[in-house]
Amino acid sequence: MKKLGKVLESLIEKNKSLERLKIFSIVTAWKEIVGEKIAMKAKVYDFKNGELIIVCSDPMWRMEIELRKDFLVKKMNEHIGKELIKKIKIWRGYYGK
């Protein structure tokens, strides 16, 4: 018989793996979720503690994403079927193609 602590630890790890898979599904469907224009200028960089980090090199598109943050969070959470993303942070930078 397993100790309760071990069982809970296992469930937490499985939940983290499931969250990572859900975030990966956003990365793979990025263009469909945000649209072609934003997808050409920005990409998902990381996800930590409910915060999705996006890298964008173009100042105009960074502003556009900033203005659409609430809508994008809602759309991404709908895509993954869970309110996993709490906010978006936009970093300036070049990510290549």
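The values are calculated or read from the model by the stated rules, or taken from the named source; none is laboratory data. These figures come from a predicted structure and were not determined experimentally. All Cβ positions, glycine included, derive from the backbone under ideal geometry; neighbour counts span all protein chains shown.
Against the condition closer than 22 Å to Ser25 by Cα and without any contact (Cβ under 8 Å) to a residue 24 or more places away in the chain, how does Asp58 come out, does it pass? So Asp58 fails the test. Looking only at the range 1-33, residues that are outside any helix (DSSP H, G or I), at pLDDT below 65 and aliphatic (A, V, I, L, M) come to 1 in all. Only a single item in (1) under 10 Å from the mean Cα position of the chain (by Cα); (2) at pLDDT 80 or above is not met by Glu36, and it is number (1).
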